[in-house]
Amino acid sequence: MTSAKFGVLGLLASAALVVGCTSDATTQSAMAHGSGVAATAASPTKVDNFMLVDSTMEAHELYRVADAPAVVLVTQQNGDAVVQKLAPQLNKLATDYGQKRVEFMMLNSSAKDSMEAIQAEVTKVGYKIPVLMDDKQIIGESLGVTHSAEALVINPKTWTVTYRGAVSGVPAALDALLAGNTAATVGPASSGAQIAFGGATKVSYSKDVAPILEAKCVACHEEGGIGPMAFNNYAMVKGFAPMIREVIRTDRMPPYHADPRVGHFSDDKRLTAQEIKTLVNWVEQGAPRGDGPDTLGAVKRVAAEWPLGKPDLIIDVPSYKIPASGVVDYQRPAVAGTLTEGKWVRASTVKPGSRQGVHHLLTGWMEEMPKDGHSSETKWAASLGAGYAVGAESSMEPKNAGVYLPPGGAYGFQMHYTPFGKEVEDKSQVALYFYDKPPELIMHGVVVINTNIEIPAGEARHKETAYVQFPKDALLYSAFPHAHYRAYSSDLWIQYPDGKMKQLLSLPRYDFNWQRAYTFAEPIKVPAGSKIIAHYVYDNSARNPSNPDPKINVTWGEQSFQEMLFTNLSYRWVDETSSHRVNYDEDMGKTRLLGMMDSNYDGKLSKAELRGRMGAQLSKYFDMLDKNHDGFLDAGELAAAQQMMGGARRSAAAPPSAKPKSEAAEQAAAFNASPTNR
């Protein structure tokens with residue numbers, strides 16, 4: 001796996017980018033709406049990369065379609081009769097030229113159109129082309145567009161605009177480009193409504209830019225920080241200005257990928273719309289120094305060894321030598337517990353010994369130290385309240401809530417290492433912070449998981465889903481989505497007992513290099529009987545630059561070249577306190593298998609929903625398990641099946657030399673164990 005740090009380092013090549021679109025963008029736009037003088041191949045418009053989210057909350061990155069022979073962008077804004085009337089023609093163009101692999105997108109750069117309004121407009125008008133939401137207007141401004149119903153035909157080989165003008169000129173422009181004619185032309189002006197842009201104002205490095213970087217960036221981009229460069233003065237920032245613009249336009253930085261249109265989060269690391277405009281405009285103005293002090297250079301910032309202060313307990317994970325290449329099986333070391341009395345964990349920090357080589361680190365508490373020194377998730381009876389995935393930060397429990405860590409026993413770890421071309425010894429550490437006295441509230445964790453995922457070779461948008469059902473009233477505090485190289489997007493919903501759905505979280509572009517929990521600003525009320533549903537979209541096509549092999553079918557697996565559907569939820573039971581303990585985990589566990597396969601969320605399984613190895617087993621005994629003979633397996637029938645299958649596994653004697661299976665079956669067993677504490 002490529003670590004978070006190396007993922008950012010890969011962006012350093014962006015520093016060579018030309019800042020902004022060429023000035024020809026504005027010139028050609030004026031020509032299209034004014035003089036009508038044709039553009040020439042000698043002054044093409046360069047289109048820089050960008051990523052925007054469409055009305056279905058799916059991300060689109062321009063340079064990801066570099067293999068297309070042409071890309072067509074058509075501007076749109078709600079209520080414009082001109083572009084509305086063009087919808088049938090645009091849909092037909094997209095269908096006809098789609099057979100020639102031409103990509104079509106619409107661009108809404110109107111500051112007045114909300115996500116909900118655009119979604120309603122798409123449904124009302126019947127657009128079949130993705131409508132990208134450029135609500136910050138930085139993409140529309142850089143392209144020099146001025147009206148809706150304006151079309152741009154782009155040559156992906158050079159990312160230059162070969163046509164700009166009314167939609168009527170698109171077919172001829174496409175035919176010319178597909179025939180190899182790359183000369184740039186300007187067509188008749190669009191008669192669509194004018195798009196109101198705020199316009200760029202002069203930006204001050206001292207007054208505007210440095211304060212944003214100080215508030216949102218230097219916590220990582222400081223000496224010794226996780227960022228690959230330290231923003232410690234103007235000269236350093238100036239040198240990386242093109243890259244700053246690039247990663248903002250493609251939404252790679254800051255690495256907080258929850259879409260701002262869905263939900264509110266207490267740990268929000270995103271730039272505001274105004275901050276984004278300020279930084280991008282400053283770079284496009286040439287990143288001037290201007291007047292005023294350089295506040296970034298006034299103070300020397302060095303990353304603290306432990307960002308939350310001196311830990312109450314530091315646990316050394318047994319060292320491991322990561323080879324330079326190859327595949328490393330999950331390592332499961334254990335160390336003896338050192339506490340003489342139980343403690344309540346309020347916060348934790350995991351310090352990976354090798355940021356490049358440690359993909360994730362999970363922790364658990366066992367009642368006794370294994371004689372062979374090896375941990376097993378099936379024996380985890382409690383949690384250390386700590387975990388790490390690449391890009392993750394320190395974890396803090398909600399106010400007056402914690403995780404109970406018993407005394408003695410042993411601490412178990414699940415270590416996922418990925419070689420990165422250099423042999424290195426990992427010496428990771430886990431730091432825990434305790435309450436002085438027991439908190440009132442108890443935190444729990446559960447995983448929305450589907451070990452039956454099957455992703456066909458070459459499929460660009462493959463969807464999988466899973467859910468957990470809460471048997472009692474609960475409060476949901478955070479969600480931590482997790483998948484591997486082929487994950488494209490992820491989201492989280494709640495389905496209430498009356499069937500109504502509400503979206504809680506949207507990651508329009510899942511980023512394997514930056515994984516984290518998203519903490520809700522206010523805990524989400526989860527009434528008894530509600531389902532928390534996770535959707536994942538996978539890109540197993542050649543267009544996915546991280547795809548190890550688009551020619552193979554992919555299933556669940558531990559290694560990063562395999563896949564996962566795994567969303568960890570942090571919650572508490574409403575009626576539980578540290579002085580009044582409850583045990584609802586067993587009831588929740590009865591619906592876990594159902595949640596893996598019930599793709600339509602109706603609370604029962606048909607034969608058509610049985611997939612994967614587990615589905616194959618259930619299918620074999622379907623008629624026998626279907627006690628009421630209604631053609632479905634309900635929660636009760638599945639619970640009986642789980643008990644039967646579990647008994648069969650326990651009674652089966654494995655040969656002494658058999659290698660323990662730690663993939664789907666053992667993972668599911670571990671996650672279904674539902675320890676009393678997280």
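Among the residues making up region 546-588, a single one is open to solvent by 20 Å² or more (accessible area, probe 1.4 Å), among the aliphatic types (A, V, I, L, M) and in contact with a Leu (Cβ under 7 Å, 6 or more places away or on another chain): Val574. Checked against (1) assigned to a loop (DSSP other than H, G, I, E, B); (2) closer than 30 Å to Asn400 by Cα; (3) among the polar types (S, T, N, Q), Ser348 passes all but a single condition, namely (1). Within region 612-621, being over 12 Å from Met597 (Cβ atoms) and not basic (Lys, Arg) holds for one residue alone: Tyr621.
When region 224-270 is filtered for residues that are over 18 Å from Asn513 (Cβ atoms), open to solvent by less than 30 Å² (accessible area, probe 1.4 Å) and not in a loop (DSSP other than H, G, I, E, B), the ones remaining, listed by number, are Val237, Ala241, Pro242, Arg245, Phe265. Give the number of residues within region 365-409 that are among the aromatic types (Phe, Trp, Tyr), without any contact (Cβ under 8 Å) to a residue 60 or more places away in the chain and assigned to a loop (DSSP other than H, G, I, E, B). Looking only at that region, the number is 0. Quick one: is Ile139 under 28 Å from Met253 (Cα atoms), in a helix (DSSP H, G or I), open to solvent by 10 Å² or more (accessible area, probe 1.4 Å) and of a type in the set (A, V, I, L, M)? In short, no.
The residues of region 373-395 that are in contact with a strand residue (DSSP E or B) (Cβ under 9 Å, 6 or more places away or on another chain) and over 16 Å from His444 (Cβ atoms), listed by number, are Gly373, His374, Ser375, Ser376, Glu377, Lys379, Tyr388, Ala389, Val390, Ala392, Glu393, Ser394. Candidates are the residues of region 589-637 that are assigned to a helix (DSSP H, G or I) and of a type in the set (D, E, K, R); the one that is nearest to Ile533 (Cα to Cα) is Arg592. Taking the stated definitions as given, is Met106 under 27 Å from the mean Cα position of the chain (by Cα), open to solvent by less than 40 Å² (accessible area, probe 1.4 Å), under 17 Å from Val153 (Cβ atoms) and modelled with pLDDT of 95 or more? Answer is yes for this residue. If the condition is being modelled with pLDDT of 95 or more and hydroxyl-bearing (Ser, Thr, Tyr), then region 232-265 contributes Tyr234, Thr250. With respect to the conditions (1) in a helix (DSSP H, G or I); (2) at pLDDT 85 or above; (3) open to solvent by less than 70 Å² (accessible area, probe 1.4 Å); (4) not acidic (Asp, Glu), Ala640 lacks only one, and its number is (2).
For region 410-439, a tally of residues being open to solvent by 60 Å² or more (accessible area, probe 1.4 Å) and in a strand (DSSP E or B) returns 1.
The set of residues in region 46-93 being touching a Lys or Arg at 6+ places or on another chain (Cβ under 8 Å), among the polar types (S, T, N, Q) and closer than 25 Å to Thr160 by Cβ consists of Asn49 alone.
Of the residues Gln99, Gln119, which is polar (S, T, N, Q), modelled with pLDDT of 95 or more, farther than 16 Å from His147 by Cβ and more than 26 Å from the chain's Cα centre (by Cα)? Give the derivation first.
Working: Gln119 fails: more than 26 Å from the chain's Cα centre (by Cα).
Within the list Gln99, Gln119, the selection yields Gln99.
For the residues Phe512, Phe470, Phe520, the requirement of being at pLDDT below 95 and either open to solvent by 20 Å² or more (accessible area, probe 1.4 Å) or of a type outside the set (Gly, Ala, Ser) (or both) singles out Phe512. Is region 521-532 home to any residue that is in contact with a strand residue (DSSP E or B) (Cβ under 6 Å, 6 or more places away or on another chain) and without any contact (Cβ under 8 Å) to a residue 24 or more places away in the chain? No, region 521-532 contains no residue that is in contact with a strand residue (DSSP E or B) (Cβ under 6 Å, 6 or more places away or on another chain) and without any contact (Cβ under 8 Å) to a residue 24 or more places away in the chain. So for region 252-267 (the condition being among the aliphatic types (A, V, I, L, M) and more than 23 Å from the chain's Cα centre (by Cα)), does at least one residue qualify? No, because not a single residue in region 252-267 is among the aliphatic types (A, V, I, L, M) and more than 23 Å from the chain's Cα centre (by Cα). Each residue in region 167-195 was checked for being small (Gly, Ala, Ser) and either under 32 Å from the mean Cα position of the chain (by Cα) or in a helix (DSSP H, G or I) (or both), and 5 pass. Residue-level check: of (1) open to solvent by 30 Å² or more (accessible area, probe 1.4 Å); (2) more than 27 Å from the chain's Cα centre (by Cα), Leu362 misses just (2).
Name the one entry in Arg101, Arg64 that is closer than 27 Å to Thr185 by Cβ, out of contact with any Pro (no Cβ under 7 Å at 6 or more places or on another chain) and open to solvent by 30 Å² or more (accessible area, probe 1.4 Å).
Numbers: Arg101 fails: out of contact with any Pro (no Cβ under 7 Å at 6 or more places or on another chain).
Among Arg101, Arg64, only Arg64 is closer than 27 Å to Thr185 by Cβ, out of contact with any Pro (no Cβ under 7 Å at 6 or more places or on another chain) and open to solvent by 30 Å² or more (accessible area, probe 1.4 Å).
Can you name the residue in region 202-220 that is crowded, with 17+ Cβ neighbours inside 10 Å, part of a helix (DSSP H, G or I) and not aromatic (Phe, Trp, Tyr) and is also modelled with the lowest pLDDT among such residues? It comes out as Lys216. Taking region 387-409 as the range and being within 17 Å of Leu361 (Cβ to Cβ) and open to solvent by 20 Å² or more (accessible area, probe 1.4 Å) as the test, the residues that pass are Gly387, Glu393, Ser394, Ser395. Residues of region 111-159 that are hydroxyl-bearing (Ser, Thr, Tyr) and touching a strand residue (DSSP E or B) at 6+ places or on another chain (Cβ under 7 Å): Tyr127, Thr146, Ser148.
Checked against (1) closer than 23 Å to Leu132 by Cα; (2) open to solvent by 70 Å² or more (accessible area, probe 1.4 Å), Val302 passes all but condition (1).
For region 603-637: of the residues being of a type in the set (Asp, Glu) and open to solvent by 70 Å² or more (accessible area, probe 1.4 Å), which is nearest to Asp498 (Cα to Cα)? Checked region 603-637; the qualifying residue nearest to Asp498 (Cα to Cα) is Asp630. You will find that of Pro318, Pro311, the residue that is assigned to a loop (DSSP other than H, G, I, E, B), under 20 Å from Gly409 (Cα atoms) and over 26 Å from the mean Cα position of the chain (by Cα) is Pro318 and no other. Across region 271-299, the qualifying residues are those that are of a type in the set (A, V, I, L, M, F, W, C) and surrounded by 16 or more Cβ atoms within 10 Å (Cβ to Cβ), and the one among them that is farthest from Met133 (Cα to Cα) is Leu296.
The values are calculated or read from the model by the stated rules, or taken from the named source; none is laboratory data. Quick caveat, the model's predicted, so the values are computed rather than measured. We place every Cβ from the backbone using ideal geometry, glycine too, and count neighbours over all the protein chains shown. Heads up: the accessible areas ignore ligands, DNA and RNA and are worked out on the full protein's heavy atoms, side chains in. Shrake-Rupley method; radii C 1.70, N 1.55, O 1.52, S 1.80 Å.
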